[in-house]
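The values are calculated or read from the model by the stated rules, or taken from the named source; none is laboratory data. From a predicted model like this one, the values you see are computed outputs, not experimental measurements. Quick reminder, even Gly has a Cβ in these numbers, built from the backbone with ideal geometry, and neighbours come from all protein chains shown.
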């Protein structure tokens, strides 16, 4: 009292504030009906409370706004008020929450007069337990309007379908250009697609990965567009110079495709589809695991089709000869698992890739 100012020690001010806050919170009656009702009413999403027989006991304003045509909602069965029917919905998140005592979720239609669907709701049902024994005495539903989200998702799905259709059309167009340049191998790319995708399925590739391999297989000879037609269609044996020109087609295709942002490594796989495990392939001379798996699949499919089918410089050698080639060079030139999958297709599953 002599004018000395008493200052709180370090941490004491925080303690005083915490004490004051605790006293304030203690002064609030959390059981006060008006207080709880104000919280209940302020929630923008839908809220409803139901008893064990799915009778509606309480709803918030959002529910009343959504179901004006069914007012009053209180004391009605939820399936009568919300869905205009005389029997419970199946499956019903609220019913499952009551039966299991655990939260459940689901998507329900928001229906208007005459059962017309106005939108979609995401329903989360929680068991409502009493304070004594914790016994389930009803269910609390938290409901969110997801109509806009579902509309956006539908639009995105439609857009993706259109883009996929456009992609497939573009790929087929490129493939057709190659075949017009090299009529003797018309159908080669389509048959390689069949074999490669069948091998991929045998290897349990995901559907997305198979879709990517399909694109790669259709475009694997795209670089031949830059090869002179007289070399592509030459009926006799190629000279070393001519063969070196042919060997440039993976690099040419890569240069054409490398700037396109495919969801798969299309350009890289096409660049590698003539590489071999022992490093004897081209254009880079990659070996072993440095070769992408899709490229290893594509190389086996390409070799199998090429040997089995007709070429300008020789008649078809047949499927048996093609399978002998990949079997003899399994683990040397061609990936073992890929070769085994290819052999399984033809020898055990009677796979047919003919047009």
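Remarks
- Just one residue in the set 266, 284, 300 is surrounded by 15 or more Cβ atoms within 10 Å (Cβ to Cβ) and more than 24 Å from residue 206 (Cβ to Cβ); that residue is 284.
- Residue list for region 97-111, filter: touching a helix residue (DSSP H, G or I) at 6+ places or on another chain (Cβ under 8 Å) and farther than 21 Å from residue 134 by Cα: 105, 106, 108, 109, 110, 111
- Residue check, residue 298 under 28 Å from residue 245 (Cβ atoms), part of a helix (DSSP H, G or I), touching a residue at least 12 places away in the same chain (Cβ under 8 Å) and in the same structural domain as residue 215 (by TED's automatic domain parsing): yes
- Qualifying helices (runs of 4 or more DSSP H) (wholly inside region 53-110; at least 2 residues being farther than 20 Å from residue 145 by Cα): 93-100
- Residue check for residue 208: out of contact with any helix residue (DSSP H, G or I) (no Cβ under 9 Å at 6 or more places or on another chain) and in a helix (DSSP H, G or I): yes
- Test: residue 167 is assigned by TED's automatic domain parsing to the domain that holds residue 336 and either touching a strand residue (DSSP E or B) at 6+ places or on another chain (Cβ under 8 Å) or closer than 30 Å to residue 323 by Cα (or both): no
- If you go through region 132-145 and keep only what is surrounded by fewer than 16 Cβ atoms within 10 Å (Cβ to Cβ) and closer than 14 Å to residue 63 by Cα, you end up with just 144.
- Scope region 199-228; condition touching a residue at least 60 places away in the same chain (Cβ under 8 Å), surrounded by fewer than 21 Cβ atoms within 10 Å (Cβ to Cβ) and under 13 Å from residue 345 (Cα atoms); matching residues: 202, 203
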